[in-house]
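The values are calculated or read from the model by the stated rules, or taken from the named source; none is laboratory data. As the structure is a prediction and not an experimental result, all values here were calculated from the model. Note that each Cβ is placed from the backbone with ideal geometry, even for glycine, and that neighbours are counted across all protein chains shown. Keep in mind that these areas ignore ligands, DNA and RNA; they rest on the heavy atoms of the full protein, side chains included. Shrake-Rupley method; radii C 1.70, N 1.55, O 1.52, S 1.80 Å.
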Amino acid sequence: MNKPLGISRAIALLGVPLVLLITFTHYPLLQSVVSSFWSKGTKIRPSKFIGLDNYAKLFDDPVLAKVMWNSLIYAAVTIPVTVALSIAMALLVNSKLPGRALMRLSFFLPTMLPMIAVANLWLFVYVPGYGLIAQVMIWLGLPDINFLGSSETALWAMMVVAVWKEAGLFMIFYLAALQSIPQNLKEAAVLEGAGKARVFRDIVWPLLAPTTVFVAINAMLNAFRVIDHVVAMTNGGPNNASALLLFYIYQVAFGFRDFPYGATLTVLLAGILGLFAIVQFKLLDRRTHYQ
Amino acid sequence: MSWPVRPTQQIGTALDHVAGMTLAAVLAVLWGLPLLYSVWTAFHAEKYSVQFDLTAPWTLQNFVEAWNAAPFGLYFINTVLLSLMAVSANFVLCTLTAYGLVRYRFRWAGPLFALIMVQMLITPEILIGPNYLTLARLGLIDTIFGVALPYLSSAFGIFLLRQTFKTVPASLDEAATMEGAGMWRVLWDVYVPLAKPVYLAYGLVSVSFHWNNFLWPLIVTNSPEARPVTVGLSVFATVDSGVEWSLVNAATLMTTAPLVLAFLLFQRGFVDNFMRIGIK
C-alpha cells in the first residue's frame, strides 16, 4: 500500500473523474464569479465589464429580499420539524407497538417517490372545493381555503410537502442509531428511577447527537437545493410568496435570460452554503472533543 | 418493554402506551392519506373522486387513458437509460478515484480530496445556469447523455468507496502483489469484492436519485425523445385546463410504480442498505 503514484497511473485512475468534476463543479463556480462582474448582453449592446454593479443590485432587489426571507423561514421551520418528526417516527417504529411494519412503510414510502410526483399528490390534497383538505373543512363546516393561491399560506404549504417527503428518510438514520444504543444503559437508568422522558433526555438524545448533526446538514442542503415542488405547485407565486433562492436563480437565468445576474445569485447561494458548512464543521468538532 | 417494571410505574407505562398509540395513529394517517386518496381517484371514474362510496366500481380506465395521452413508454425507456448510464459511470469513475486516493501516495492527495468534496456541498443543482451554458457549447442540450453528464462523477460515491477501501487489510493487498498481481488485478480481485455491499447500497441510492431527478432534466430537455418520466409527468399534469384529476393521479402512480414495487419487494434489504450508508 501507499506506493508512489506515477504520472501514467494518475491519469488512468484520476483523469476522467477529475475532468468531469472540474468541468461541472469548479469551472462553473469560477465562471459564476467571473460573469457576476459583467452586464447582461443583448443583440445591440454586448455584455460589458461593470465591476460590482451586480452585487450592488442585490441590495436593492425587492424580490431577492422577499426570496431570502422565504428561504430563511423555510429552512428555520423545516429543519427542526423534520428532525423532531423523524425522531418520533424512529421511536414509534422501534417500539413494541402493534402495526410497526405498516407505520414504517407509510413513513418511508414518500421518500421513494419523486418530488414531482409528491407535488402532484399534494396539489390534489390542496385543491380548493374538492381536494382532501377542502373536503375535511367542508365536513367540519369550516371555510374553504385556497392554500396555494394565497400569499399567507403558499410557503407553509410548500414546507408541509417537504417535511412529508423527507422525514421518513431521516427516520431510517435515527432507527439505525437507536438500535445501536446499548440496552443496559437504559435499563440502568430505569433501575435508578428515571422515567421515560428522563431516559430520552439524558441518554437517548445525547447518543443520537452525531445522527442529528448528519440529518441537520442534509436537511439544510435540501432546504436550499430542492425546489421541484415549488416549480410544479406554485411557480413561486402568488407574488413570490413561495419563491425560494434557488427558484429565483432558475427564474432569473431561464425565465428572464439574465445569466450574469443569475451567476451573481449563484455566488450568493454558494457563499451561504459554504458559511453553513463551516459553522457545522465547527459544531461537529466540538461534539467530538466533548466525547 | 424488556426491562423490569416496578408496580408504581405501571399506570405511567399504560399512559405512555396510549400516548404512543395516538401519536402513531395520527402520523400514520397523515403520512398514508395523500397516497391512499390518490390511489382511490386513480382507480375510480371521475365522478367518484369526491364521494367515497365503498361500492363504487374499480377501473383501470384512467391508466389506459393516461398511457395513451402521452408517450409514457418512451419516457420510461429514457429514464431507464439515464439511470443505467449514471450508475455504471458512477461505479467505474468513483472506484478508480477512490482506489487512487487510498492505495497510492502523492503530493497533492490532501488538497485533491478537499477539492473533490466541494461537490458534496455545491451540488450540480446549484450550478444549473453555468452548466446549461457548458452543455450548450458541447452541443448536448436535449440529449439523455447531456442530462447524465454533470452527475457521472460523484463526490458522494468517491467518499463512500474511499471509506470502504481504507478498511481493506494491507496484508491482503501485499499478498496479491507478491503473487504478481498488477494494479488492475488487485483492484478487481481484492478491493472490489470487499466493497460489494457498499456498491449495492450506493447503486440503490443512485438509481432512486436519477429516477427522481427533475429540475436539471426539465431545463436540459425539450423533446419527448430525451425527456425522463419526471419531466414527462409534469408536462402531462400542467397541460392543466382539460386534464382530469383522475388521469393525473393515474399517471403519477404509474410513473412511480416501478420504484415503489421494487421497494416493496426488497424492503428489508433496501432499508438496511440505506442505514449502512447513513452509519458511515
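Structural remarks
- Cα gyration tensor category, rounded, prolate or oblate, for region A:54-290 with a/c compared to 1.5: oblate
- Share of carbon and sulfur in the accessible heavy-atom surface of the protein assembly as shown [1.4 Å probe, %]: 69
- Furthest towards positive pole of dipole, A:Gln31, B:Leu172, A:Thr111, structure part the protein assembly as shown, Cβ charges: B:Leu172
- Ignoring lysines fewer than eight residues from A:Lys48 along the same chain, the ones with Cα atoms less than 20 angstrom from its Cα are A:Lys40, A:Lys57.
- Working note: Karplus 6.51/-1.76/1.60 with θ = phi - 60° gives region A:215-231 the couplings 5, 5, 4, 5, 5, 5, 4, 5, 4, 9, 10, 9, 10, 4, 5, 5, 4 Hz, where Gly and Pro are set to x.
- Local electrostatic count at A:Val231 - Lys and Arg +1, Asp and Glu -1, tallied over other residues with Cβ under 14 Å: -1
- In the protein assembly as shown, Rg over Rh equals 0.98, where Rg is the alpha-carbon radius of gyration and Rh the Kirkwood radius from pairwise Cα distances.
- Counting only residues at least eight positions apart within a chain, or on another chain, the aspartates and glutamates with an alpha carbon under 17 Å from that of A:Lys66 are A:Glu152.
- Binning the alpha carbon pair distances of chain B at 5 angstrom intervals from zero yields the distribution 1, 5, 9, 11, 12, 12, 11, 10, 8, 7, 6, 4, 2, 1, 0, 0, expressed in whole percent.
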